[in-house]
């Protein structure tokens, strides 16, 4: 179970990370005002930022040992490494499906967004 805070500072317990992220994304454009003066959409955007960080940490923690070692040593990832790790977490992600036709720079953008890394 994960604990995050909403925009008013109240703690919220999250039991299903993917469902919470999906709900936050669905409610981002809500124009309704809360008692605190913020909109519901602002509150969900605030919580979504925290949930994405947690999701990226969980994904990095489940990397293959070889990928972790390469990252910690600062070694360059190959296109196969990047495509394989993305495919392990999201099998139908465009980067995992088309890793052989994308340029390495394009794959790195997907990889950094997914895992919260800063590889070059």
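Observations on the model:
- Subset tally (residues that are assigned to a helix (DSSP H, G or I), in contact with a helix residue (DSSP H, G or I) (Cβ under 8 Å, 6 or more places away or on another chain) and farther than 19 Å from residue 54 by Cα) for segment 98-120: 4
- From the list 23, 50, 55, 11, the one residue that fits, being surrounded by 14 or more Cβ atoms within 10 Å (Cβ to Cβ) and either over 28 Å from residue 118 (Cβ atoms) or without any contact (Cβ under 8 Å) to a residue 12 or more places away in the chain (or both), is 23.
- Within segment 77-87, the residues that satisfy the criterion of being touching a helix residue (DSSP H, G or I) at 6+ places or on another chain (Cβ under 9 Å), part of a helix (DSSP H, G or I) and over 16 Å from residue 57 (Cβ atoms) are 79, 81, 82, 83, 84, 86, 87.
- Among the residues of segment 7-39, the ones that are in contact with a strand residue (DSSP E or B) (Cβ under 8 Å, 6 or more places away or on another chain) and either part of a strand (DSSP E or B) or over 29 Å from residue 111 (Cβ atoms) (or both) come to 9 in all.
- Verdict on residue 4 being free of Cβ contacts under 8 Å to residues at least 60 places away in the same chain, crowded, with 16+ Cβ neighbours inside 10 Å, touching a strand residue (DSSP E or B) at 6+ places or on another chain (Cβ under 7 Å) and assigned to a strand (DSSP E or B): yes
Bear in mind these aren't lab numbers, they're just calculated from the coordinates by the rules spelled out. These numbers were taken from a predicted model, which means no experiment stands behind them. Every residue, glycine as well, gets a Cβ built from its backbone with ideal geometry; the counts of neighbours run over all protein chains shown.
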